[in-house]
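Taking it in order: structure first as structure tokens, then the write-up.
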Amino acid sequence: MRSALCICSLPSLILVGMFALPTATAHGQYYFDEQPINYRRAGESNPVARLEEKLRAGEVRLRADERGSHLASVLELLDVPLSSQTLVFSKTSLQQGHISPETPRAVYFNDECYVAWVQDGLIEIGVMDDHLGAVFYSIRDGARNATLNRDRGGCIACHSTNRTQKVPGFLVRSVYTGADGHPRDFGTTSDHRSPFSGRWGGWYVTGTHGPMRHLGNELATDPDDEEKIDGEKGANLLSLGDRFVGTRYLTPHSDLVALMVMEHQSQMHNFVTLAHYETVLALDAQSKAKDSAEAIADETRQRIEKAGDSLVEYMLFCNEDQLTSPVAGTSTFVDDFTARGQVDSKGRSLRQFDLQTRMFRYPCSYLIYSSAFDALPEPVADYVRTRVLKVLKGEDQSPAFEHLSAETRREILEILTETKPDWISGGLSQSGG
């Protein structure tokens, strides 16, 4: 029931103790540390790694602002919009000592990067890598010679669990939060499938949402009921008023729509990573098998298709929680986000919002254009493309996709045909189009 983007979650009893870590061995190693994935030793392919190369070469510099912070410079160099700012006050990250309702952590994001900042602490960066999934970096904010440092395993303690599909990933958590910022429960992971009423516990939320209620903006202070929150007091806030010193932050917003998009995006990234990992691992297992080639090939296919089906259903917004009243944010996030979209000849884009009954006007994830999606291994990439096109052409009428009307399917297919033609053409031949 509850939401906090964990970019580098605290590896303590309060977090790690809430779930088992099935991906780790008794020696602290993870299945993805070894071949064929080789997570901690493999080279990176992501915007932060490319920025690090430019910094080392002296092509660009991290510049401190008048407050001595490098945050604005990091956001500019990574092309992360200020309007994406959201604020989390629960102590659910590595830097819990710096976080409280009076000093929330600011989180910013674009399609690939998540940047978190706390006062007098580290700048934490999580980025979607084309082959490794979530990779984490940090910068000592305010340091004279600020440098990017890649995390080699600490973050993975909380970022490779059931909450991230058991791959190195991202998560937005919702927790009931006490007056001091400590979570009062283990919380839940939020995405576009989560009930609106259970989202954003431990977060500040600015925006309107009519009679719908969420868990944001308020504290759970009843000693006898850890889940008692006054949803009315935290509803439909346009300003966070005097809850904290707003001048310490780059904007005064914690935009509701930005929170919704970040929830969707974090798990979409994880499903892409899961599809990538499962395919690589399945093919590796097949290459090492000494049993019947035909039987092993069938197992390989089933494993790849299972991961592909999970990705397809998520990217087409199956089981999306339906809005019962319109929602709106308070920043320029909607306009900034929409402006980044690939637009067809009719002016349509997968980044256009609905915000009346669902998040997007065309329910197909904009991350279909991402480099990590394009980098999916060929077997799963072909399967996902073929399955998506069958759904959009109406050949697949599975109950999971009944939320997509014939008109909506046609519109999404038309948009993709114009804005991602190579991907479409690669799948039409296999789907009979």
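Observations on the model:
- Filter result for the condition that a residue is within 23 Å of the chain's Cα centre (by Cα), closer than 18 Å to R193 by Cβ and at pLDDT 95 or above, over L367, L350, L376: L367
- Residue check, K91 among the basic types (K, R) and in contact with a His (Cβ under 8 Å, 6 or more places away or on another chain): yes
- From the list S254, S266, the lone residue that is modelled with pLDDT of 95 or more and in contact with an Asp or Glu (Cβ under 9 Å, 6 or more places away or on another chain) is S266.
- A single entry from H214, H253, H209 fulfils the requirement of being touching a residue at least 24 places away in the same chain (Cβ under 8 Å) and over 29 Å from D65 (Cβ atoms): H209.
The rows are residues; the columns are (1) at positive phi; (2) buried (at least 22 other Cβ atoms within 10 Å of the Cβ).
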{"residue": "T188", "(1), (2)": "no, no"}
{"residue": "F196", "(1), (2)": "no, no"}
{"residue": "G202", "(1), (2)": "yes, yes"}
{"residue": "T206", "(1), (2)": "no, yes"}
{"residue": "G216", "(1), (2)": "no, yes"}
{"residue": "D222", "(1), (2)": "no, no"}
{"residue": "L237", "(1), (2)": "no, no"}
{"residue": "V245", "(1), (2)": "no, no"}
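- Meets criteria (touching a Leu at 6+ places or on another chain (Cβ under 7 Å), of a type in the set (A, V, I, L, M, F, W, C), in contact (Cβ under 8 Å) with a residue 60 or more places away in the chain and under 18 Å from F89 (Cα atoms)) for M268: no
- The residue that is surrounded by the most Cβ atoms within 10 Å (Cβ to Cβ), among those in the range 105-122 that are within 17 Å of Y204 (Cα to Cα) and of a type outside the set (A, V, I, L, M), is R105.
- Tally, over the range 76-91, of residues that are in contact (Cβ under 8 Å) with a residue 60 or more places away in the chain, more than 16 Å from the chain's Cα centre (by Cα) and over 13 Å from T251 (Cα atoms): 3
- Filtered residues of the range 247-256 (kept if buried (at least 22 other Cβ atoms within 10 Å of the Cβ) and of a type in the set (A, V, I, L, M)): L256
- Identification of helices (runs of 4 or more DSSP H) wholly contained in the range 1-85 with 1 or more residues that are at pLDDT below 90 yields 13-16.
- For beta carbons closer than 9 Å, sequence separation of 6+ or different chains, a first residue in the range 368-382 that is without any contact (Cβ under 8 Å) to a residue 24 or more places away in the chain and under 21 Å from Q302 (Cα atoms) and a second that is assigned to a loop (DSSP other than H, G, I, E, B) and among the hydrophobic types (A, V, I, L, M, F, W, C), the qualifying pairs are A381/A375.
- Test for D396: is it without any contact (Cβ under 8 Å) to a residue 40 or more places away in the chain and either within 29 Å of F196 (Cα to Cα) or in a loop (DSSP other than H, G, I, E, B) (or both): yes
- Put simply, of V261, V280 the only residue that is within 30 Å of P81 (Cα to Cα), assigned to a helix (DSSP H, G or I), in contact (Cβ under 8 Å) with a residue 24 or more places away in the chain and not basic (K, R) is V261.
- Pairs meeting the criteria (first residue in the range 33-61 and more than 27 Å from V280 (Cα to Cα), second residue aliphatic (A, V, I, L, M) and in a loop (DSSP other than H, G, I, E, B), beta carbons under 8 Å, at least 6 apart or on different chains) are L51/V60; L51/L148; E52/L148; K54/V60; L55/L62; L55/L148.
- Answer residue from the range 343-361, given it is assigned to a loop (DSSP other than H, G, I, E, B) and touching a His at 6+ places or on another chain (Cβ under 9 Å) and is surrounded by the most Cβ atoms within 10 Å (Cβ to Cβ) among those: M359
- Taking the numbered list (1) modelled with pLDDT of 95 or more; (2) crowded, with 20+ Cβ neighbours inside 10 Å in turn, G427 passes all entries but (1).
The values are calculated or read from the model by the stated rules, or taken from the named source; none is laboratory data. Predicted model only: the values in this text are computed from it and were never measured. All Cβ positions, glycine included, derive from the backbone under ideal geometry; neighbour counts span all protein chains shown.
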